[in-house]
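Quick notes on the structure that follows.
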Amino acid sequence: AAVRNVRTVRDAGTALPRGFWAAVRVWLEKPQVVNRRLCGAAVEAEGTVALGESGEASPAVWGGGERPAAFAELGRLWREVRGQLPAGCGCLQPPLRAWGGPGSGFELHVVLRTLVPRGRPADPPSPPAKELAVQDISNRTVTFLPLEGTSEGKYQIKKCNIYQIQLTHVKDEEWSVSIAAPFPEDWFSDGIAYPKLAWLGNELLSKLAKWSVEQKSSEFKSTLSLIPVAKYSQVYQDLKGKYKEMVKVWPEVTDPEKFVYEDVAIAAYLLVLWEEERKEKGLTKKQSFVDLGCGNGLLVHILNNEGHSGRGIDVRRRKIWDMYGPETHLEESPILPGDDQLFPDTDWLIGNHSDELTPWIPVIAARSSYSCCYFVLPCCFFDFHGKYRRRQSQKTQYREYLDFIAQVGSVCGFHVEEDCLRIPSTKRVSLIGKSRTHPPMECALIDKQITQYIHNHQPCAVLPPGTTLAFQPEDHPDELCKEAGPQLPKDEAAAAVWMPGFQPRPKVEQSRNCAALPRHFVDEVVLSVANLLLNAAPQEPALNVHGGNTNPWNQGESLSLKEVAEHLNKETLKRLKSEYGGLQTLLKNNHQVFEVVNGRVHIRDWRKEKPSRRAEPEVKRRLAAEAFKTQLCWFFIHHPDGCSLPSESCPYAHGTEELRQARVIKKKKYLQ
């Protein structure tokens, strides 16, 4: 028996049916947002076919765009597929809704897509699955026809896995979204491209129903829109298999899983992007690169290992650099945007979370050579001279900053393209300049345009003497000088440093998270705040069923951070304000003593600490066991009632006789 699952939605006439087609488009182009076993989908071709009065579809396929060969192939495929469907009555078997209707002139929109599995390094690669999606706009349906290749190089419909998504107007504001399958008893599930039929009727249908009535659109492009998804998936899995061991030997204090897999994904993206560029331009030699602000250098290490000549430059050397070996080229040096920081023999400049260098990278690329391209992944918000200040409240800060960096690229003469990467980060949008808007003979004119733009975006405090600005852009009214004046003097325009007063990050990273404060100062603040909470109005002791006290241990009161700060002296507060997070950071660092929840400070009661339900990784369990009884219990020493836990239950030492020596765990070096 056929299966049809239905979800009811309500709409006041503002979303449907337009929202339904938007939801269908998400499932067509980005199926991985629902089916996590897919890497994505590649839309290979799409076009339109006409339906006659009898419901017969014409063999011709047409559509706009620059890929006539793709439409010719789609036409051939449509003729093959059309001949395998029942003649007349819209070609479909109930409960699928027939294509077309009374009269003539109906059209079907056909989309050929390839579903790309999300492979794992240990598993054999799964072959991509092809589907022909047939959209009937007038009847509000989209029918998915799975395709199988034959030995003759043709395709036939895998009829057991045909399904149709339908939108129906019930009455007034009531609509229904449904999924129908004509042959459920023969449905074949491979667990990847085709999950179980119940999954379609539950997970997919609920998402489609939700998306159909949502009134929001993303301000960013879909992920991996500039490169072939299938190729990216293959390269990413290969790199992940090669470099996954880096997680185990990561010597930095940063999260190894985030940084390793993020750099692996960025490297996979660049490798595929560059391979496509070589195909487009007929190049055989692999592109060279310079990574400005390379940080831990892992991206440089991967690209070097994959055959691309290049180097990374950063103002501060990292511990992990020593693990890479001589084939990875990393330099410790400050980068001051100017005539001495050009790279005329380099194909690509990279800015991966390059902070204060981000707006300068398009400028450096434009002035290095006409053929130099760039890739930036903006994270922290910097202007040419310092922190970026918001100017347009109607946009998110992130969107506004991306638009600013894109504008810089346009001023520098680049066609700026935007793409969203698949990385474990909230800042995933990259901006790419790989082609120019001007011929080579106009480089001098573009250079003058760049110079003027930079000086129009610097604060008055750093302008050279006698220099004024020529115009005031409407989209940056708050940051720039109010004066208007002539062009910059020629000697300033030709200066070696492009922005007087530009400050790169210091070579020695200053710790401002209260970790570098003197121990005696921290101990005094902790004891002062704890006494403040303990001496506040006492809480009513809890009574047990027999009328006795169940909580004689004094936990004190809770106070807001503001109330706590009011009781500290001015010298202490002044010292804390120089640290990131100030008082709150210091109290959170001393988590043995305090809890800070929703801006209120509490004495921590270790009796209430619940073990995590989530299974901790083995390495974290081992580290926790190694840390047991390696520090003195603050409550045992300072609290008037002592520790709330008995000695055998407390993770901290009740006296020096219980102290254990902390083990230093050495990490093995990474072997290439």
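Just so you know, all these numbers are worked out from the coordinates, no wet-lab data involved. These numbers were taken from a predicted model, which means no experiment stands behind them. Here the Cβ is made from the backbone with ideal geometry for all residues, glycine too, and neighbour counts use every protein chain on show.
Our coupling estimate for region 562-576, obtained by passing each phi through the Karplus curve with A = 6.51, B = -1.76, C = 1.60 and θ = phi - 60°, is 5, 5, 5, 4, 5, 9, 9, 6, 5, 5, 5, 5, 4, 5, 6 Hz, Gly and Pro reported as x.
Modelled label-to-label distance, residue 598 and residue 226, 7 Å Cα→beta-carbon offset: nm? Placing both labels 7 Å beyond Cα along the Cβ direction yields 4.5 nm.
Database remark: amide H of residue 601 closer than 5 angstrom to the amide H of 559, 560, 561 (H placed geometrically; neighbours at sequence offset of 5 or more, or on other chains; Pro and chain starts carry no H).
Go ahead and run the numbers for FRET between residue 562 and residue 609, Cβ-Cβ distance against an R0 of 25 Å, rounding to 0.05. Result of the calculation: an efficiency of 0.40. Starting from the Cα of residue 176, move 7 Å in the Cα-to-Cβ direction to define the label point; list residues of region 8-52 whose amide nitrogen is under 14 Å from there. The answer is 8-10.
Take the Cβ-Cβ distance between residue 535 and residue 660 as r, set R0 to 25 Å, and report the resulting FRET efficiency rounded to the nearest 0.05.
0.15
The peptide list 34-43, 181-190, put in order of mean Cβ contacts within 10 Å with the highest first, becomes 34-43, 181-190.
Relative to the current alpha-carbon distance between residue 152 and residue 138, full extension at 0.36 nm per residue lengthens the span by 1.5 nm. Estimated from the Cβ-Cβ distance and a Förster radius of 35 angstrom, the FRET efficiency linking residue 649 and residue 524 is about 0.75.
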